[in-house]
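Inspection log for the structure reproduced underneath, given as structure tokens.
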Amino acid sequence: MELREIEIFLALAEELHFGRTADRLHVTPARVSQAIKKQERVIGAELFKRTSRNVQLTPIGAQLRDGLAVGYQHIQEALAAASAAGRGITGELHIGYATAWCGNLIVTAADTFRARHPDCRIHIYESPLLEPLGPMRDGSRDLQLIELPIDEPDIVNGPVLFTEPRALIVPAGHPFAERETVSVEDLADAPLITITGQPQYFLDLHYPHRTPQGRLIPRGPSTTAWQEVLTMVAAGKGVSPTCARAAHYYSRPDIVYVPFSDAPPVEYGLLWSAAANTPRLRAFVQTIVETAASQVTESAELTGRRSLSGE
């Protein structure tokens, strides 16, 4: 079945009228009828019940419509994206990031994107801990790279770009600070400093209430700002989990980052509003996916060279 024939079938399935379908597609009613008859011969079954008064889909016709509609939409979106790329992507993109290392990836991808699409302006912002999805919902952000999970009906989950091992931030004088690793079970032995403003399922994953063995994890203070987390840990108010890479970006003499031996990694992925799915956004998503994959490859090659040299 050719693309034009699929288009005719889907239009007739919507209009249920040969004349309106012909007018919509700028063809003759005879062309519509010929295309449908050809499809029915190939499939070996009627797709429409036709009378002098109306046209109705048969059960097989309805099944075919449902199967083709999604694929046809994807084809149209791909053609639109290619057409936009051919014309040149223009306009603006407002992109948020959750952490310094996410920001570095966004900036690198933005440089590549600007070289490809010089007529599109990129604006980059740090996302707040409090209500991180708010800027996407009010239209001030087109895209964000943040920690997962996020599962909201109005937010599209894009690809996971990378994962990072977890660490526990502890005061410099804490007994955990002398250890090479900690376990999730150890969280029962110190108050947990948490954040607020995130979805509850997000908090339940990153700041659990019980250990794997069922022990209660005590709660310390909560905050809406990352620097406040570090300050409260340094003051001995508790401990807090984070990504291990934070040690390279937020080191202080009064805190220590201790790797977890058994905690699951932190996933970082792209999110955007379901209402903001534009060709320029999709083009940037493709660019940042390529950039992230390139950085992972370069990191692996560097690790391999260090291993071979005995470093």
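Please list the three semi-axes, largest first and in whole Å, of the ellipsoid equivalent to the stretch 26-77, using sqrt of 5 times the eigenvalues of its alpha carbon gyration tensor.
Here the semi-axes work out to 20, 15, 11 Å.
Let me check something: with ligands and nucleic acids excluded, how do F18, F9 order by accessible area (1.4 Å probe), largest to smallest?
Heavy-atom accessible area, descending, gives F18, F9.
Please turn the phi angles of the stretch 66-71 into ³J(HN,Hα) values with the Karplus equation 6.51 cos²θ - 1.76 cosθ + 1.60 (θ = phi - 60°), one per residue in order, whole Hz, x for glycine and proline.
5, x, 7, 4, 5, x
Which of these values of volume of the Cα convex hull per residue in Å³ was calculated from the structure shown: (i) 216; (ii) 160; (iii) 135?
Identified label for the calculated read-out: (i).
Non-local amide H neighbours of V266 (under 5 Å, H modeled in plane, Pro and chain starts lacking H): which ones?
Residues meeting the criterion, in which the H sits 1.01 Å from N, are E164, R166.
Computing the accessible area with a 1.4 Å probe over protein heavy atoms, can you report the carbon and sulfur percentage for the stretch 164-299? List each step's numbers first, then the result.
On the way: 3420 of 6330 Å².
Carbon-and-sulfur percentage of accessible area, whole number: 54.
When the Kirkwood radius is taken over all Cα pairs of the stretch 146-250, what Stokes-Einstein diffusion coefficient follows at 4 °C and 1.567 mPa s, in µm²/s?
87 µm²/s
Where both partners of a DSSP beta bridge lie in the chain, what percent of those bridges are antiparallel, to the nearest 5?
Numbers: 24 of 39 bridges.
Restricted to the chain, the bridges split so that about 60 percent are antiparallel.
For the stretch 161-170, in order, what is each residue's ³J(HN,Hα) by Karplus, 6.51 cos²θ - 1.76 cosθ + 1.60 with θ = phi - 60°, in whole Hz (x at glycine and Pro)?
These are the phi-based 3J(HN,Hα) values: 8, 6, 10, 9, x, 8, 9, 10, 8, 10 Hz.
Determine the dipole magnitude for the chain: charges of +1 sit on the beta-carbon of Lys and Arg, -1 on that of Asp and Glu, nothing else is charged, the reference point is the Cα centre, and the result goes in debye to the nearest 20.
Taking the Cα centre of the chain as origin, the dipole is about 1160 debye.
Which of the lysines could a cross-linker bridge to K49, judged by Cα under 28 Å and excluding same-chain residues fewer than eight apart?
List returned: K37, K38.
Looking at the stretch 10-136, send over the antiparallel percent of its DSSP beta bridges, to the nearest 5.
Within the stretch 10-136, antiparallel bridges account for around 30 percent of the total.
From the phi angles alone, apply the Karplus equation (6.51, -1.76, 1.60; θ = phi - 60°) to the stretch 125-142 and give each ³J(HN,Hα) in whole Hz, x where the residue is Gly or Pro.
Residue by residue, the stretch 125-142 yields 9, 7, 7, x, 5, 7, 6, x, 8, x, x, 6, 6, 8, x, 7, 10, 8 Hz.
Provide the per residue accessible area, probe 1.4 Å, for the chain, rounded to a whole number of square angstrom.
Value for the chain: 52 Å² per residue.
For F48, what residues show an amide H to amide H distance below 5 Å, using hydrogens built from the backbone and excluding near sequence neighbours?
Here the answer is T58, since their amide H atoms fall under 5 Å of that of F48.
Taking amide H positions as placed 1.01 Å from N in the peptide plane, with prolines and chain starts having none, which residues 5 or more places from V156, or on another chain, fall under 5 Å of its amide H?
Excluding prolines and chain starts, which carry no amide H, the hits are W272, S273, A274.
Remind me, what semi-axes does the stretch 1-131 give for its equivalent ellipsoid, largest first in whole Å, using sqrt of 5 times each Cα gyration tensor eigenvalue?
47, 17, 13
The values are calculated or read from the model by the stated rules, or taken from the named source; none is laboratory data. Bear in mind the structure is a predicted one, so any value in this text is a computation, not a measurement. Using ideal geometry, Cβ is built from the backbone for each residue, glycine included, and neighbour counts are taken over all protein chains shown. Only protein heavy atoms, including side chains, enter the accessible area calculation; ligands, DNA and RNA are left aside. Shrake-Rupley method; radii C 1.70, N 1.55, O 1.52, S 1.80 Å.
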